[in-house]
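The values are calculated or read from the model by the stated rules, or taken from the named source; none is laboratory data. This one's a predicted model, so the numbers in the text were calculated from it and none came from an experiment. We place every Cβ from the backbone using ideal geometry, glycine too, and count neighbours over all the protein chains shown.
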């Protein structure tokens, strides 16, 4: 057994009912007690940890119990060689919980002679320069306000260096091109909710390992980018907390409310923001008053609820007046449980061989994306099998916040050359699908009418056109909402289709009719969803008599 007084004290606060923790932190304590604190090959470097606490409380701020608990594991080492046990740390909390302040003190300590590792460089990375400079500026200002620190550290507007260890702190934007080759000892990734892909982490992590005890910190509050870096990291964290990945070197500290109803219960807000645990500091009291004011204003300004839930409660919630479905409903097109639930089991797509289906096509913008698909109905479930074509020239000119190359590798899309997406790509896909399934009819809008009609009819397909696609959106909206809510729609393991769907903006017109538009005209594509809508327009009529498809093939 290994012990640390700050770890023990924090666990005791919870067990004695003095603080209330969310599900993920309860799971963390159980995981630690079962798999980590029971080991005899590890030890807490208590001397180094106490030195860090003294450094922080002298130059920055008093540390809260949860911060001392968290940082204890930053200094958890192997007995054999004094190497760190946890190499990565996930710090996911509500806005105002002091993430950047904690990172400022850690970064400053790491480059100091108190840490004692020469050239232990620290890179602070964020999506924009203002956020990347938040902790950097705090360190810069702290040094400038204390003469003794000015004698120990050299500072400019772009870097801070320890005279003794020659260790440097720099800030970077997440653009991989700004990486200037530091041999980092530590990388801090801020605002990780905005990372659509792993590209930034892959680039900056490649410089680690050249100095002892390299660490990475992933910090932030949840956001609106789904199926990106943060969602994948939360999946990874759950696997650790469940005991399924015991060799993963990530320490996951996740604070959030457990249920949306807790957003209306201030005594539960400590689950999302641990600053509100136990006796409140002066800072926490002021912050609590501010959040209570914001909460009261939700009655007269309900449009701000989504921001309040996401940033103050760390519990993302979509505005169903403007979105097709909740993220949990979109997620359940591929998994049996939602993204915030513990187990995620892939929904199995039933055998569709030779089943009747209807084709859907969105070929409106031939210079960027085109989407094709087949819609099946099995019992109450709709199954959507889809593929996309993306023009390389478009990808070269517009930086999409999406892992396009990963999706190509999964076979979900094809990147094509040329000034436009040629119609033969579309036709060939439907021909291949016809060989496997009972495909005879394809529904499309009237864009590129002559081009599409001639090419597909020449191959024997029956084409039905929707002359006013937006007119059918309002008619289909109740059915779309129902099949998402009842989990009667299956995409399978298709992050591209989830991306398309999450990008849809539902516009309610003055007459009450709804239209499915894009949340961003250029960077958030919806082609796959529009192709699905086209197929759904005729699905019930054409697929309800599926038995006839089989009977017609039988010679009596």
Q.
For the stretch 40-59, check the following and say yes or no: at least one residue is in contact (Cβ under 8 Å) with a residue 12 or more places away in the chain, exposed (fewer than 14 other Cβ atoms within 10 Å of the Cβ), over 27 Å from residue 122 (Cβ atoms) and over 25 Å from the mean Cα position of the chain (by Cα).
A. yes
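Free of Cβ contacts under 8 Å to residues at least 24 places away in the same chain and surrounded by fewer than 17 Cβ atoms within 10 Å (Cβ to Cβ): does that describe residue 260?
Taking the combined requirement at face value, the residue does not satisfy it.
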Q: Note down all Cβ pairs under 9 Å where the first residue falls in the stretch 236-247 and is in the same structural domain as residue 23 (by TED's automatic domain parsing) and within 14 Å of residue 36 (Cβ to Cβ), the second is exposed (fewer than 12 other Cβ atoms within 10 Å of the Cβ) and at pLDDT 95 or above, and they're at least six residues apart or on different chains.
A: 243/34
Q) (1) in contact (Cβ under 8 Å) with a residue 60 or more places away in the chain; (2) crowded, with 21+ Cβ neighbours inside 10 Å; (3) in contact with a strand residue (DSSP E or B) (Cβ under 6 Å, 6 or more places away or on another chain); (4) closer than 25 Å to residue 316 by Cα: which one isn't true of residue 502, the others all being true? A) (3)
Q: Having 3 or more residues that are free of Cβ contacts under 8 Å to residues at least 60 places away in the same chain is the bar; report the strands (runs of 3 or more DSSP E) wholly within the stretch 403-498 that clear it.
A: 413-416, 462-466
Q. Can you find a residue in the stretch 349-363 that is within 22 Å of the chain's Cα centre (by Cα) and not assigned by TED's automatic domain parsing to the domain that holds residue 232?
A. no
Q.
Can you find a residue that is in contact (Cβ under 8 Å) with a residue 60 or more places away in the chain, closer than 23 Å to residue 28 by Cα and not in a loop (DSSP other than H, G, I, E, B) anywhere in the stretch 208-215?
A. yes
**Q.** Of all residues in the stretch 170-196 being in a loop (DSSP other than H, G, I, E, B) and at pLDDT below 90, the one that is surrounded by the most Cβ atoms within 10 Å (Cβ to Cβ)
**A.** 174
Q: May I ask you to verify whether residue 299 is closer than 30 Å to residue 450 by Cβ and at pLDDT below 95?
A: no
Q. Counting only residues that are in a loop (DSSP other than H, G, I, E, B) and without any contact (Cβ under 8 Å) to a residue 40 or more places away in the chain, how many does the stretch 366-391 have?
A. 1
Q: Please go through the stretch 309-331 and pick out each residue that is buried (at least 16 other Cβ atoms within 10 Å of the Cβ) and more than 18 Å from the chain's Cα centre (by Cα).
A: 324
(Q) Quick check on the stretch 231-244. Is at least one of its residues in contact with a helix residue (DSSP H, G or I) (Cβ under 6 Å, 6 or more places away or on another chain), modelled with pLDDT of 95 or more and surrounded by fewer than 20 Cβ atoms within 10 Å (Cβ to Cβ)? (A) no
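Residues of the stretch 267-277 being surrounded by 15 or more Cβ atoms within 10 Å (Cβ to Cβ) and either assigned to a loop (DSSP other than H, G, I, E, B) or over 27 Å from the mean Cα position of the chain (by Cα) (or both), which ones?
Once the filter is applied, which keeps residues that are surrounded by 15 or more Cβ atoms within 10 Å (Cβ to Cβ) and either assigned to a loop (DSSP other than H, G, I, E, B) or over 27 Å from the mean Cα position of the chain (by Cα) (or both), the stretch 267-277 yields 272, 273, 277.
Test residue 532 against the stated conditions and say whether it is modelled with pLDDT of 95 or more and under 22 Å from residue 403 (Cα atoms). Outline the logic, then answer.
Working: modelled with pLDDT of 95 or more: yes; under 22 Å from residue 403 (Cα atoms): yes.
Spelling it out, residue 532 is indeed modelled with pLDDT of 95 or more and under 22 Å from residue 403 (Cα atoms).
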Q: Name the one entry in 120, 163 that is out of contact with any helix residue (DSSP H, G or I) (no Cβ under 6 Å at 6 or more places or on another chain) and assigned by TED's automatic domain parsing to the domain that holds residue 210.
A: 163
